[in-house]
Amino acid sequence: MNAVVRPYGLLACGIIVLASGVLRIHFLKMSPLWGLALFIWFGASSNFFFTFGNLWFANVNVADIVAGLPVEALFLIALVLFMCFPVELYKKSPQGGLRLIYYVAGFTASYSFSFTVANAESLRAYVRMLTGSEDMVQATILFQQKLRELLSMGQESTLPIVIVLALFISALSYLVVMRKAPGGGAAAAAI
């Protein structure tokens, strides 16, 4: 069972999450770039999810599991949780301050997407496999280096991406709270 059922079960779960996420993004009429971010975040955190699946019945401390959690998985979890709310019940498009929060969520998602691309070790292998050109691989390495310098904002730590994650989660939470409650009643006064 561990060699067949568990890997295929995890693969099936991943396909269900990706397919339902893309369909939900399409249904909500969100930008198709959210679907691209969903795929990038899922791909960047897939190794963690497969490792987590192998540790399912092992006696592993939760702190050890959380320590191995990639930041992309947190972005993925936040987006999936946001899409679980009935945000399609909103009668009109956001205006004023609420529209600004939408832009903040989009900007932080694009920052995270760029961060993932800048730090993806497997990107070089994909470029090599698709093009067969070492010049393209070297150009990709140079591009990733320049993108990392731009996104690090002079910090050598993970502080910028942690701040962006906090802004992303805050923006999505605010959007859920400030719109309508699941029953259709106002959850809070809109801006």
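What follows is calculated from the coordinates using simple rules that are stated; it is not laboratory data. Computed from a predicted structure; not experimentally measured. Here the Cβ positions follow ideal geometry from the backbone for every residue, glycine too, while neighbour counts run over all protein chains shown.
For the reader, a short list of remarks on this structure follows.
- Amide proton proximity set for Leu69, modelled H, under 5 Å, gap of 5+: none
- Of the peptides 36-43, 13-20, the ranking by mean beta-carbon count within 10 Å, highest at the top, reads 36-43, 13-20.
- Separation of the Val177 and Cys13 label points, Cα + 7 Å toward Cβ, nm: 3.0 nm
- Pair Ala166, Leu130: separation of 7 Å Cα→Cβ label points (nm): 3.5 nm
- Subtracting the Cα-Cα distance of Thr158 and Met30 from 0.36 nm times their residue separation leaves 43.2 nm of extension gain.
- For the pair Phe48 and Arg6 in one chain, pulling the backbone fully straight at 0.36 nm per residue adds 13.7 nm over the alpha carbon distance.
- Here the spin labels are modelled as points 7 Å beyond Cα on the Cα-Cβ line, and at Leu81 and Asn59 they lie 3.1 nm apart.
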